[in-house]
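Visitor: Just dropping this structure here.
The values are calculated or read from the model by the stated rules, or taken from the named source; none is laboratory data. As the structure is a computational prediction, the values presented were derived from the model and not from experiment. Please note: Cβ atoms are built from the backbone with ideal geometry, for glycine as well, and neighbour counts cover all protein chains shown. The protein model used for the area step is the full one, side chains on, heavy atoms only, and it has no ligands, DNA or RNA in it. Shrake-Rupley method; radii C 1.70, N 1.55, O 1.52, S 1.80 Å.
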Amino acid sequence: MIQSRKFLIAALAVPILSLTALAGYKKYKLSFGKEIRLPVQGYDPRDLLSGHYLIYRVDYGAKDPCSEAAGNRDLFLCLEPRKFSFESPANCSTLIRGVCKDGRFEAGIEKFFVPEEKAKILEKMLLSQPAEIILSVPETGRAQVKNLLINGRLWSEY
Amino acid sequence: MSKLEKNLNEWVSQNFINEAQVKLILDYESAKSGHSWVLSGFLILGAVIIGFGLISVIASNRDNIPDFVRLGADFSALCALAAAVMWSRDKDKPVLHEVFLLLFILLCLASIGLISQIFHTGGSFWQALLFWSVICFMPVMVARRLFIPLLWTGSIVAVLFLSANDSSVMMFLFRRKADGILFALPLSLACLILILRRFAGEFPLTRALRVWMLFTGLAALAAGELRSRRFVGVHSDNSFQDLSVCFLFGCAALVLVVADAGYRRIQKGILVCVLLAYTLLFVLPLRGLGWSAVYAGLVVLTLGLFAAFMASLREMRIFHVLLFFAGLRFLVLFLEAIGGLAASGFGLMFSGLLIMVSAYLWNKHRNTIAARAEEWTR
């Protein structure tokens, strides 16, 4: 056991600073990324740590080559012109970066957390009505979900 | 009458201590009652329940509270708990220190959930758990009791299993072979113990790592033996490359044991033999030498040698657990060897009698065996 007071202060500061940095980084990505919209369709499972979320299949508008690719390979989607490639494209203004997982392209944008009491109704709406996610895409291509629209309206309006 | 009072009466009757000394001892022990394990156990249980309650409240995701208020409240609670940990340390209140520290690390986990909820981050549960394990490593090092380190080490073990088929690094290292992870786990934990011992000495985290190393080691031996029976006379479906990480951790542990100045030469010798016997256990099935008396003998040898090592450290509880499993494996080996006879009525009666005699002899001589093992390693 380490008894020093300085070590204890550092030990308590490290998690708080790390969590602040994580929240700050996520906020930065949301604020400074390029905003795009993609259509989605999905259902509602549950996360042990963060509660209810909606999960959906994103329509990227291009043929996903993951079914033919083996393993967890990195994959890049250029949005202008819309095309998948296994190498980072050189001249692409908006890029989403992800991996092939279980034969599908995953970019870490397949979840949207919702309040417990609205989960059921939103799940039903997401299955039956047209929906879109609003993404914030930074230059690195690590996209982050900003909001969810169902029938062209924000989910929180329902 | 408590065990202490019984012992004191016996020591007085043997003239080891007098009545005045008995009174002094009883006064001292009753003054310590505030730090009893029952009290700290219930306080820690309460803290665990509060911690999971916090996670649950955050998971319910109340949209009527703005995000910045939720984040602000969360970080304020984290800072308040950090201050409470400092306060309890300065006021020398060990039980409260442990309770506040436990609440602090559980709130860190809940905070990761809150951040991922607010910013809709993707990713798996094991990634959140891994991040939590990394940022909470230092707080775990200041824990004074075993519970927090046990929880932390358990989360590391859970991360390794949950990420086996999800993380590209884990899939590259273990090629989706669960037994590779199982074999590597005790070795990697052993390396971590040896590194921590070198830089910080023995403390609750090293004890927790040892508990998990034993638990995963026993699981690896059981799984390895059950699996090896499928490959008697044929090469297993694993290759040397599949288990290369196990060999790497084995070599690292070997180097760390030899370089450890805290162990005596005989202790180092025993540990090297344990590592070699353990390595042979996952090499044999690769060569088509699956289950046999040799394999079972190696299991007994590994357990027996490690038990002797534990006796040399005066870790009597672990010594007894290991010797129990070594004895049990030996008994099963013996019963399997006389399989034809065991099927008959005489065989069953003989087996029952053997178990009873073994249990009796074990109970009668276990302390002598422990003392001999300790003497032998001096």
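Visitor: Compare each residue of segment B:99-122 in its chain alone against the assembly with all protein chains, and report those whose accessible area goes down by 10 Å² or more; 1.4 Å probe, heavy atoms.
Guide: For segment B:99-122, once contacts with the other chains are taken into account, B:104, B:108, B:109, B:112, B:113, B:115, B:116, B:117, B:119, B:120, B:121, B:122 lose 10 Å² or more.
Visitor: Based on the alpha-carbon gyration tensor of the protein assembly as shown and its eigenvalue square roots a ≥ b ≥ c, which shape applies: rounded if a/c is under 1.5, prolate if not and a/b is larger than b/c, or oblate?
Guide: Note, shape of the protein assembly as shown comes out oblate.
Visitor: Heavy-atom accessible surface, probe 1.4 Å, ligands and DNA/RNA ignored: which residues of segment A:108-138 lose at least 30 Å² versus the isolated chain?
Guide: Residues of segment A:108-138 that lose at least 30 Å² of accessible area once the other chains are added: A:108, A:111, A:113, A:115, A:116.
Visitor: Could I ask something else about it? Length gain on complete extension for the stretch residue B:166 to residue B:79, per 0.36 nm per residue less the alpha carbon to alpha carbon distance?
Guide: 27.9 nm
Visitor: Turning to a different aspect of this structure: Leaving ligands, DNA and RNA out of it, rank B:350, B:203 by accessible area with a 1.4 Å probe, largest first.
Guide: Result, largest first: B:350, B:203.
Visitor: Then there's this: Compute the accessible area per residue over chain A, keeping the other protein chains in place, probe 1.4 Å, unit Å².
Guide: Per-residue accessible area for chain A comes out at 53 Å².
Visitor: Let me ask something else about it. With a ≥ b ≥ c the root eigenvalues of the C-alpha gyration tensor of segment A:33-157, is it rounded (a/c under 1.5), prolate (a/b larger than b/c) or oblate?
Guide: Prolate, because a/c is 1.5 or more and a/b exceeds b/c.
Visitor: Additional query: Using label points projected 7 Å from each Cα along Cα→Cβ, tell me how many nm separate residue B:92 and residue A:88, to one decimal.
Guide: Taking the simple label geometry, residue B:92 and residue A:88 are separated by 5.7 nm.
Visitor: Using a 1.4 angstrom probe on the protein heavy atoms only, line up B:358, A:67 by accessible area, largest first.
Guide: A:67, B:358
Visitor: Under 8 Å for C-alpha pairs, at least 6 residues apart: give me the relative contact order for segment A:33-157, rounded to a whole percent.
Guide: Relative CO of segment A:33-157 lands at 30 percent.
Visitor: Now for a separate question. Kindly provide the helix-only [θ] at 222 nm of the protein assembly as shown, computed as the sum of -39,500 (n - 2.57) over DSSP H runs of four or more divided by all residues, to the nearest 500 deg cm²/dmol?
Guide: Result for the protein assembly as shown, helices only: -21000 deg cm²/dmol.
Visitor: For residue A:147, which sequence-distant residues (separation of 5 or more, or a different chain) have an amide H within less than 5 Å of its own amide H, given hydrogens modelled in the peptide plane?
Guide: A:134
Visitor: What list of ³J(HN,Hα) couplings, whole Hz, do you get for segment A:102-109 from phi and the Karplus terms 6.51, -1.76, 1.60, once you set θ to phi - 60° and write x for glycine and proline?
Guide: Those phi angles translate into 6, x, 9, 7, 10, 10, x, 10 Hz.
Visitor: To the nearest 100 Å², how much accessible surface do chains A and B hide from each other in total, with a 1.4 Å probe?
Guide: Rounded to the nearest hundred, the buried surface is 3900 Å².
Visitor: Could you list the trypsin sites (Lys or Arg not before Pro) in segment B:50-113 that lie in coil according to DSSP, counting only those with at most 16 other Cβ atoms within 10 Å of their Cβ?
Guide: B:62, B:91
Visitor: Still on this structure, please answer the following. Are there GluC sites (Glu not before Pro) in segment A:74-112 that DSSP puts in a loop and that have at most 14 other Cβ atoms within 10 Å, and which ones?
Guide: Listed in order of number, the matching sites are A:87.
Visitor: While we're on this one: So which of A:27/A:120; A:26/A:101; A:6/B:91 end up more than 19 Å apart by C-alpha?
Guide: Check vs 19 Å cut-off fails for A:27/A:120; A:26/A:101.
Visitor: Moving on. Rounded, prolate or oblate: which one fits segment B:110-233, using the alpha carbon gyration tensor with axes a ≥ b ≥ c (rounded when a/c is under 1.5, else prolate when a/b beats b/c, else oblate)?
Guide: oblate
Visitor: Along the Cα-to-C-beta direction of residue A:34, a point sits 7 Å from the Cα; which residues of segment A:104-139 have their amide N less than 15 Å from that point?
Guide: Hits in segment A:104-139 for residue A:34 at 15 Å: A:135-139.
Visitor: Another question, then. Can you return the lysines within cross-link range of residue B:6? Criterion is Cα-Cα under 20 Å, with same-chain partners fewer than 8 residues away left out.
Guide: B:23, B:32
Visitor: Mind ranking B:87, B:126, B:212 by accessible surface for me, highest first, 1.4 Å probe?
Guide: In descending accessible area the options line up as B:87, B:212, B:126.
Visitor: Whenever you get a sec, compute what percent of the accessible area on the protein assembly as shown sits on carbon and sulfur atoms (1.4 Å probe).
Guide: The C+S portion of the solvent-accessible surface of the protein assembly as shown is 65 percent.
Visitor: What aspartates and glutamates does residue A:111 reach when the alpha-carbon gap must be under 13 Å and sequence neighbours fewer than 8 apart in one chain are set aside?
Guide: Within the straight-line limit of under 13 Å, residue A:111 reaches these aspartates and glutamates: A:44, A:47, A:123, A:132.
Visitor: Run the quick spin-label model on residue A:6 and residue B:258: label points 7 Å from Cα toward the beta carbon, then report their separation in nm to one decimal.
Guide: For residue A:6 paired with residue B:258, the spin-label model returns 3.6 nm.
Visitor: Please find the FRET efficiency linking residue B:4 to residue B:362, where r is the Cβ-Cβ separation and R0 is fixed at 30 Å, and quote it to the nearest 0.05.
Guide: 0.65
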